[in-house]
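Heads up: the structure comes next, in structure tokens.
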Amino acid sequence: MHNVANSGRENAYWKNGEWVSREHASVSIFDHGLLYGDGCFEGLRFYNKVPFRLDRYLERLRRSTTALAIELPFSTDELRMAVRECVRRSHLENGYIRLLVTRGEGDLGLNPETCSKPSVFIIPAELALVGDEVRRRGVSLITSSIKRAVGTGLDTRIKSLNYLHSVMARMEATAAGADEAILLNQHGFVAECSAENLFIVRGETLFTPPLSDGGLGGITRETIMELCAKLSLECKEQSLTTYDLYTADECFICGTGARLIPVRSIDGRSLRTVAGPLFTEIAEGFRSLIDEECSSGCDFTRDIEAGRRT
Ligand code: PMP
């Protein structure tokens, strides 16, 4: 990402229930998150000091820990409160929160049974895939040689700490002078980008790959699909090949870190319309949704309501 570095205020980092400085927000060299990538994470945004759709991220985190058989040592209520407090402590009005869970400290061996207790961290930051200029102009994508394996490896819906496939794909993009990489699955269908889901537009219809093709169940993707329904735009989940991408009228990528960005070119082929009409309509709808849900002051009530539900 473009500008990851930002520490927030002193003691704005949450480590297993304690507020600590950046220097103290560290793990043991025997933590299995570090040794084996054994753990999972979430990344969410806040606007006007209000986390956007926090409960959806907490639910996805819980699905990841369940799938990995990691017992979270904190309740959803405790995590919700900790995220909100982290946002409050951050010097940013608008920013990004990384929530991560590691298997915890254990022996050097793989067996997680030696790990006594999972560790949970919350980190405030600034994050952007590209600068504003590139965002306006649209990003260039390449197809990576790295594949997302479906049905043969770890379920791609788990947001695990092992991001090497994405890291390698992003490195390929950078080496090729592109902004981001597309990962296909082993059958040649588009799965997603290294940290974003992808949509194309053909005529008046939007298409995005089904999650069974290897993408993460992105909350931005899910929100866009809901927006399409609200705006009476047709949106279909359909397997896509690079041919579908090259010949699309519009293409855009979306994720919490990147937000919504139009695609300018794919493997050297220019897209017909960049920041096309449907992208523009959806991006405006997304902005209105953020304004509605994240106007400061209205969050506390929703918190209490959410607390009642869980
Ligand atoms: N795919 C991958 C691999 C990701 O890491 C992300 C970022 N979380 C996404 C897609 C987009 O998901 P979301 O909209 O929930 O951020």
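When we measure straight from the Cα of K15, which lysines land under 26 angstrom away, once same-chain ones fewer than 8 places off are left out?
K49, K117, K159
Would you mind calculating the gained length between E78 and F30 on full extension (0.36 nm times residue separation, minus the Cα-Cα distance), in nm to one decimal?
Separation in residues times 0.36 nm, less the Cα-Cα distance, equals 14.7 nm.
May I ask for the angle, rounded to the nearest 10°, between helix 277-293 and the longest principal axis of the chain, with both axes built from Cα atoms and the value confined to 0 to 90°?
Between the helix axis and the principal axis of the chain, the angle is about 30 degrees.
Over all directions, what mean area does the Cα convex hull of the chain project, stated in square nanometres?
That works out to 15.8 nm².
Gain in length, V167 to E93, computed as 0.36 nm per residue apart minus the alpha-carbon separation, to one decimal in nm?
23.7 nm
Which log10 I(q)/I(0) values, to two decimals, does the range 102-237 give at q = 0.09, 0.12, 0.21 Å⁻¹ under the Debye formula with one point per Cα?
-0.36, -0.62, -1.33
Once the range 7-106 is represented by equal point scatterers at the alpha-carbon sites, with solvent omitted, what log10 I(q)/I(0) does the Debye formula produce at q = 0.16 Å⁻¹?
The Cα Debye sum returns log10 ratios of -0.70.
How much length, in nm to one decimal, is gained on full extension between E281 and D55, taken as 0.36 nm per residue of separation minus their Cα-Cα distance?
Length gained between E281 and D55: 78.8 nm.
How far is helix 54-67 tilted, in degrees, relative to the longest principal axis of the Cα atoms in the chain, given as a value from 0 to 90 rounded to the nearest 10?
Between helix and principal axis, roughly 80 degrees.
By a straight-distance test (C-alpha under 18 Å), which aspartates and glutamates pair with K230 as possible cross-link partners, with residues fewer than eight away in the same chain excluded?
Within the straight-line limit of under 18 Å, K230 reaches these aspartates and glutamates: E204, E222, E281, E284, D291, E292, E293.
In Å, the Kirkwood hydrodynamic radius of the range 71-150 over pairs of distinct alpha carbons?
16.5 Å
Helix-derived [θ] at 222 nm for the chain: sum -39500 (n - 2.57) over DSSP H runs of at least 4, divide by residue count, nearest 500?
-9500 deg cm²/dmol, from helical runs alone.
Of M225, M81, which has the most accessible area with a 1.4 Å probe, and how do the rest follow in descending order?
Ranked from most to least accessible, the order is M81, M225.
Relative contact order of the range 25-174, please, whole-number percent, based on alpha carbon pairs below 8 angstrom and at least 6 residues apart.
Value for the range 25-174: 30 percent.
Net charge near P112, counting Lys/Arg +1 and Asp/Glu -1 over other residues with Cβ under 15 Å of its Cβ?
Within the 15 Å Cβ shell, the charges total -4.
The values are calculated or read from the model by the stated rules, or taken from the named source; none is laboratory data. Given the structure is predicted, the values throughout are model-derived calculations rather than measurements. FYI the Cβ positions are ideal-geometry reconstructions off the backbone, even for glycines, and counts take in every protein chain you see. SASA here: full protein model, heavy atoms, side chains in, ligands and nucleic acids out. Shrake-Rupley method; radii C 1.70, N 1.55, O 1.52, S 1.80 Å.
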